[in-house]
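**Q** There's a structure below that I have some questions on.
The values are calculated or read from the model by the stated rules, or taken from the named source; none is laboratory data. Just so it is clear, the structure is predicted and the values come from calculations on it, not from any experiment. Cβ: placed from backbone, ideal geometry, glycine included. Neighbour counts: every protein chain shown.
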Amino acid sequence: MPETPQTVGLLLIPGFALMSYASVVEPLRAANLLAGKELYRWVHVSPGPAVVPASCGATVPCIKVEEAGPLDFLFVCAGGNPTAFRDRATLQWLRQLAARGVRIGGVSGGPVILAKAGIMDGYHMTVHWEHAPAVAESYPNILLTRSIFIVDRNRLSCAGGTAPLDMMHALIAEAHGPELARRVSDWFMHTDIRPAQSAQRASLAERFGIHDARLTAALELMESHPGEPLMRGETARRIGLSTRQLDRLFSEKLKSSYASHYRHIRLERARDLLRQSAVPLTEIALGCGFSSASHFGRAYRQAFGVTPASERRS
């Protein structure tokens, strides 16, 4: 157990997700309170403004990067569109901390900023599912997973939302024992502690309200092949159905056709890439299974009412 309080830096990117941030810092406060002594100290750090707004409009006073002092941990808290963050001084500071061996983590959109700093190559990393397609396209050297959090050596990444409660439970248990970690989780009525590899989203059965294993298997195949869409007959063959049986499943359970639902999956992925990455439109079109940029543009406008270029500008 650490003999002196650990100092935790919280780098708040304007528009950071307030729930994710609170799920990091509140367990530290509770650990101090329940232990009856100071186990953790924390400082709020800003890439620029003295007061940083959260996505909901709440604000947190911060110190400048150069005033942060020695840190044991640093967590980057971000939301919105972290791919738009380009502050060179802050990215250089993250690289310096990494070179010193500081344990660095990212929460919600924060892992994207760690990737932009170039300190996640060769590491296992997770990120909020909304940002995952853009990260996979832009940073092929990162070992991306869809877990709720990952601790890989001195790098930590967390999908955000309430998942930091689970990550902080693991970190408090590591430093001060499982009994204190359990008391902290009980303090927040967080009694169902999830392991790191837990899924970020509800299952397909829950998301679509379906309970047919064959249809679930078909949807899993479709979601895992957005760039090279599987032909209807191939999907039917893989799950042991005829094409007529597959069509009937989609019609009865989802009130849609196989082709229409597959197009929706691919367009949703394209929208995430447009919003969260700088990947060229033509590459997005081909990567989401469209034959050309013009074909993609027509389908996108029909589905969402705007062109891909307008989506990216907005």
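**Q** Give all pairs with beta carbons closer than 9 Å in which a residue from the range 134-160 that is assigned to a helix (DSSP H, G or I) meets a residue that is surrounded by fewer than 17 Cβ atoms within 10 Å (Cβ to Cβ); count only pairs at least 6 apart in sequence or on separate chains.
**A** Taking only residues 6 or more apart or on different chains, the pairs are Ala134/Ala278; Glu137/Glu283; Ser138/Ala278.
**Q** Restricted to the range 46-65, and to residues that are crowded, with 17+ Cβ neighbours inside 10 Å and out of contact with any Phe, Trp or Tyr (no Cβ under 9 Å at 6 or more places or on another chain), which residue is nearest to Gly109 (Cα to Cα)?
**A** Here the residue is Ser46.
Yes or no, residue by residue, for (1) within 12 Å of the chain's Cα centre (by Cα); (2) surrounded by 20 or more Cβ atoms within 10 Å (Cβ to Cβ); (3) among the aromatic types (Phe, Trp, Tyr):
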{"site": "Val76", "(1), (2), (3)": "no, yes, no"}
{"site": "Asn81", "(1), (2), (3)": "yes, no, no"}
{"site": "Phe85", "(1), (2), (3)": "no, yes, yes"}
{"site": "Leu94", "(1), (2), (3)": "no, yes, no"}
{"site": "Ala99", "(1), (2), (3)": "no, no, no"}
{"site": "Gly109", "(1), (2), (3)": "yes, yes, no"}
{"site": "Met120", "(1), (2), (3)": "no, yes, no"}
{"site": "Thr126", "(1), (2), (3)": "yes, yes, no"}
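**Q** Do you know which of the residues in the range 1-45 that are of a type in the set (A, V, I, L, M, F, W, C) and in a loop (DSSP other than H, G, I, E, B) is surrounded by the most Cβ atoms within 10 Å (Cβ to Cβ)?
**A** Only one residue tops the list, namely Ile13.
This table checks each residue for (1) outside the structural domain of Gln276 (by TED's automatic domain parsing); (2) over 14 Å from the mean Cα position of the chain (by Cα); (3) polar (S, T, N, Q).
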site: Leu143; (1), (2), (3): yes, no, no
site: Arg146; (1), (2), (3): yes, no, no
site: Asn154; (1), (2), (3): yes, yes, yes
site: Gly177; (1), (2), (3): yes, yes, no
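**Q** Also, quick follow-up: Considering every residue within the range 269-280, establish whether at least one is touching a Pro at 6+ places or on another chain (Cβ under 9 Å), in a helix (DSSP H, G or I) and at pLDDT 90 or above.
**A** Among the residues of the range 269-280, not one is touching a Pro at 6+ places or on another chain (Cβ under 9 Å), in a helix (DSSP H, G or I) and at pLDDT 90 or above, which makes the answer no.
**Q** Pick from the range 283-314 the residues that are part of a loop (DSSP other than H, G, I, E, B) and in contact (Cβ under 8 Å) with a residue 24 or more places away in the chain: which of them is nearest to Pro229 (Cα to Cα)?
**A** Gly289
This table checks each residue for (1) basic (Lys, Arg); (2) assigned by TED's automatic domain parsing to the domain that holds Pro226; (3) under 30 Å from Arg86 (Cβ atoms).
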| residue | (1), (2), (3) |
| --- | --- |
| Arg238 | yes, yes, no |
| Gln245 | no, yes, no |
| Leu249 | no, yes, no |
| Glu252 | no, yes, no |
| Ser256 | no, yes, no |
| Ser260 | no, yes, no |
| Arg275 | yes, yes, yes |
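**Q** Now a separate question. Can we say Phe250 is aromatic (Phe, Trp, Tyr) and in a helix (DSSP H, G or I)?
**A** yes
**Q** Given the conditions (1) surrounded by fewer than 16 Cβ atoms within 10 Å (Cβ to Cβ); (2) assigned to a helix (DSSP H, G or I); (3) of a type outside the set (Lys, Arg), which single one is not true for Ser256?
**A** (2)
**Q** Check off (1) crowded, with 17+ Cβ neighbours inside 10 Å; (2) within 18 Å of Leu219 (Cβ to Cβ); (3) of a type in the set (Lys, Arg) for Arg238 and give me the number that stays unchecked.
**A** Every condition holds for Arg238 apart from (1).
**Q** Can you find even one residue in the range 164-186 that is modelled with pLDDT of 90 or more and among the hydroxyl-bearing types (Ser, Thr, Tyr)?
**A** yes
**Q** Collect the residues in the range 56-82 that are farther than 20 Å from Phe149 by Cβ and part of a strand (DSSP E or B), keeping them in residue-number order.
**A** Of everything in the range 56-82, those that are farther than 20 Å from Phe149 by Cβ and part of a strand (DSSP E or B) turn out to be Thr59, Val60, Pro61, Ile63, Lys64.
**Q** Quick one: how many residues across the range 206-225 are at pLDDT 80 or above and assigned to a loop (DSSP other than H, G, I, E, B)?
**A** Selection size over the range 206-225: 2.
**Q** Restricting attention to the range 197-205, does a residue exist that is at pLDDT below 80, farther than 26 Å from Ile284 by Cα, surrounded by 14 or more Cβ atoms within 10 Å (Cβ to Cβ) and in contact with a helix residue (DSSP H, G or I) (Cβ under 8 Å, 6 or more places away or on another chain)?
**A** yes
**Q** Also: Select from the range 273-282 the residues that are surrounded by fewer than 18 Cβ atoms within 10 Å (Cβ to Cβ) and either under 17 Å from His225 (Cβ atoms) or free of Cβ contacts under 8 Å to residues at least 40 places away in the same chain (or both) and list them in ascending order.
**A** Pro280, Thr282
**Q** To continue, here is another question. Taking the criterion of being without any contact (Cβ under 8 Å) to a residue 40 or more places away in the chain and of a type in the set (Gly, Ala, Ser), would at least one residue in the range 63-86 satisfy it?
**A** yes
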